[in-house]
Amino acid sequence: MSALGWAAAAEWSRIWTVRSSWLLAGATMLVVLGIGTLVGLDASGSPSDVPADASAWDGGRPTAMFALFGVLALAVVTSTADHGHGGMVPTLQWTPRRTVLLAARVGVIVLTTAGLGLLLVTGACLLVWAIVPEVGLGVDGAAEVVGGTGYLLAVGAALAVGLGLVLRSTAGGLVSVIALVLVLPMLLAQLPYDWSLDLATVMPGSGALYLVFGEGPSDDMTTTSARLTLASWAVGAVVAGGWRLLRSDAG
């Protein structure tokens, strides 16, 4: 096995040998599947309110935001855990080539957390379909919702990992990612200034909201602009985090 393969295997093992990873994954599962169940029960209780062209994928779409927050938290925790208890030193002794460690850490955490989130959102959609089978499971809806959700969760996880690598603090990473995705976009959008609205539009949280609900702080937002905004934040965070990992002392 190559050095990257060994490092990736070690990262995978590190994620699932930490109790907090299982707790966050379990909490995310309960919330996402619970919301999916509530959506299905609500639709079954008011069938006349369900649009004729609706599908179970539409019903499960709102759960993507809840999955996103679970993915963000899990990505931050798993990217910063060994800095909190001094485990980064043996990690670098095991994988002294930091470029290999960076590639393994970013790749494994993003694929693992985003894959988990996408699996849960898909499960929520299936729950909606099981409760309200008449809405159906169209192929077109699957491509749109699953593909769009997968992209959202992947870039969100990359943003969280990058912030974790930059800050090297679980608390700092969580506060920063919540501020960027939830607090600042809402706060800036409420201020009565053009510049604040423009700034809110380019925040990652606004892009996430637009991709899930089709609405944002500005009418000028599009799916393409929202995806580019999220990708820019994710790439910038990973580049900054990678630079610190490669250039700064582990302590």
Angle in degrees between helix 98-131 and the longest Cα principal axis of the chain, rounded to the nearest 10: 20 degrees
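Would you mind giving the three semi-axes, in whole Å and largest first, of the ellipsoid equivalent to the stretch 183-251 according to its Cα gyration tensor?
28, 14, 9
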How high is the FRET efficiency between Leu38 and Ala130 when r is their beta carbon distance and R₀ equals 22 Å, given to the nearest 0.05? 0.95
Suppose a student asked you for the relative contact order of the stretch 3-247, using Cα pairs under 8 Å spaced at least 6 residues apart; what percent would you report? 25 percent
What nm value, rounded to one decimal, do you get for the distance between Ser169 and Ala9 when each label is placed 7 Å out toward the C-beta? 3.6 nm
Mind checking the full-extension length gain between Ser218 and Leu197? Use 0.36 nm per residue of separation minus the Cα-Cα distance, one decimal, nm. 6.8 nm
Neighbouring Cβ atoms within 10 Å as the yardstick, rank Val181, Val166 fewest first. Val166, Val181
Taking alpha-carbon centroids only, the stretch 124-140 lies from the stretch 48-117 a number of Å equal to 26 Å
Grab the beta carbon distance between Ser248 and Val89, set R0 = 22 Å, and tell me the FRET efficiency rounded to 0.05. 0.95
Fewest-first ranking of Ser46, Ser196, Ser176, Ser55, using other Cβ atoms within 10 Å as the exposure measure: Ser46, Ser196, Ser176, Ser55
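Ser46 to Leu119: extension gain in nm, 0.36 nm per residue of separation minus the Cα-Cα distance? Please list the in-between numbers first.
Values: separation 73, 0.36 × 73 = 26.28 nm, distance 2.73 nm.
Additional length available on full extension: 23.5 nm.
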Choice from Thr99, Thr170, Thr78 with maximal GNM fluctuation in the chain (Cα, 10 Å cutoff): Thr99
On each of the three principal axes of the Cα atoms of the stretch 1-144, give max minus min coordinate, whole Å, ordered largest first. 62, 27, 18
Is the shape of the stretch 3-247 rounded, prolate or oblate, going by the alpha carbon gyration tensor and its root eigenvalues a ≥ b ≥ c, with a/c under 1.5 for rounded and a/b larger than b/c for prolate? oblate
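Rule-based calculations on the coordinates, nothing more; no lab input. As the structure is a prediction and not an experimental result, all values here were calculated from the model. Counting neighbours? That spans all protein chains shown, and the Cβs are built from the backbone with ideal geometry, glycine included.
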